[in-house]
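The values are calculated or read from the model by the stated rules, or taken from the named source; none is laboratory data. Computed from a predicted model, the values in this text were never measured in an experiment. Ideal geometry is used to build each Cβ from the backbone, glycine not excepted, and the neighbour counts take in all protein chains shown.
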Amino acid sequence: MGKLKTRLILAIFSATFLVNSNAALLTFTDEASFMGALPGAANTLDFEGVAAGTTIADGATVDGITFNYNFDGVQMLVSDVFLTTSGTNFLGTDDADVFQAGDNFSLSFGPVNAIGMFFITADEMFDDDIVLSAGGGSVGLSVADAGADLGDEGIPFFLGIIDTENTFLGASISTLDNCGGCFLFNVDDISTAVVPLPGALWLFISGMLGLFTVRRKTV
């Protein structure tokens, strides 16, 4: 029975190693591809549950996501004055309802493997004007992957990251600095998700545990 237990532990370790060795940090500039890469539904903060006109102070938490920033007295604000990617509400600031280039901020939350969000702007943009970082990786805005005009000249850009091996507890958003607010933008639909171990690994582990249990009963 001791040898079987040892073999079981080695087999589980080997399977886990194989899964981890094939794991990768994936980046996305397209929401459909991001959502398609998730094994299940994401938790999405779309700001529809927060009344338009509500400010979100530095360090405040909304639906499990904590916002940290310092905009020299300007506060984050839930607004509905522009069209957005879902519903009517989006995240901007109390300075004309928009973020501007240089408004960098961070998010913190419980352990997740994936985060994605939309950035919406009516201004001319260039690659990497906005960068999302999480899980030891980053992805920058891609002009080639811009979404369709929402109807008021607002163009959505999606950025997402999935780490299939490790969870992370936060993300940061950095924008082009030192350009005097050369572009304005809003944020919407912040999605997070936990990526479970692949089903094949769980089936393998369950089968091995079952084999060990049967063998122990017959010894």
Worksheet item: Scanning for something in contact (Cβ under 8 Å) with a residue 24 or more places away in the chain, of a type in the set (D, E, K, R) and surrounded by fewer than 19 Cβ atoms within 10 Å (Cβ to Cβ), does the range 79-92 turn up at least one residue?
Response: yes
Discussion item. Criterion first (touching a Gly at 6+ places or on another chain (Cβ under 6 Å) and hydroxyl-bearing (Ser, Thr, Tyr)) does residue 108 satisfy it?
Written reply: yes
Fill in: Positions within the range 110-142 being part of a strand (DSSP E or B) and either out of contact with any Phe, Trp or Tyr (no Cβ under 9 Å at 6 or more places or on another chain) or without any contact (Cβ under 8 Å) to a residue 40 or more places away in the chain (or both), in sequence order
110, 131, 133, 134, 137, 138, 140
Worksheet entry | Residues that are among the small types (Gly, Ala, Ser) and touching a strand residue (DSSP E or B) at 6+ places or on another chain (Cβ under 8 Å), drawn from the range 167-192 | 170, 171, 172, 174, 181, 191
Practice prompt. State yes or no: is residue 180 modelled with pLDDT under 95 and buried (at least 18 other Cβ atoms within 10 Å of the Cβ)?
Written response: no
Worksheet, complete the sentence: If we take the range 21-105, then strands (runs of 3 or more DSSP E) inside it with 2 or more residues that are within 19 Å of the chain's Cα centre (by Cα) are 25-28, 43-45, 65-69, 90-93
Worksheet entry | The one condition in (1) among the charged types (D, E, K, R); (2) surrounded by fewer than 17 Cβ atoms within 10 Å (Cβ to Cβ); (3) in contact (Cβ under 8 Å) with a residue 24 or more places away in the chain that residue 72 fails to fulfil | (3)
Fill in: Those residues of the range 151-182 which are in contact with a helix residue (DSSP H, G or I) (Cβ under 8 Å, 6 or more places away or on another chain) and of a type in the set (Gly, Ala, Ser), in sequence order
160
Discussion item. Can you list residue pairs whose Cβ atoms sit under 6 Å apart, with the first residue in the range 37-59 being touching a residue at least 60 places away in the same chain (Cβ under 8 Å) and the second being assigned to a loop (DSSP other than H, G, I, E, B)? Count only pairs 6 or more apart in sequence or on different chains.
Written reply: 45/63; 46/86; 46/87; 47/89
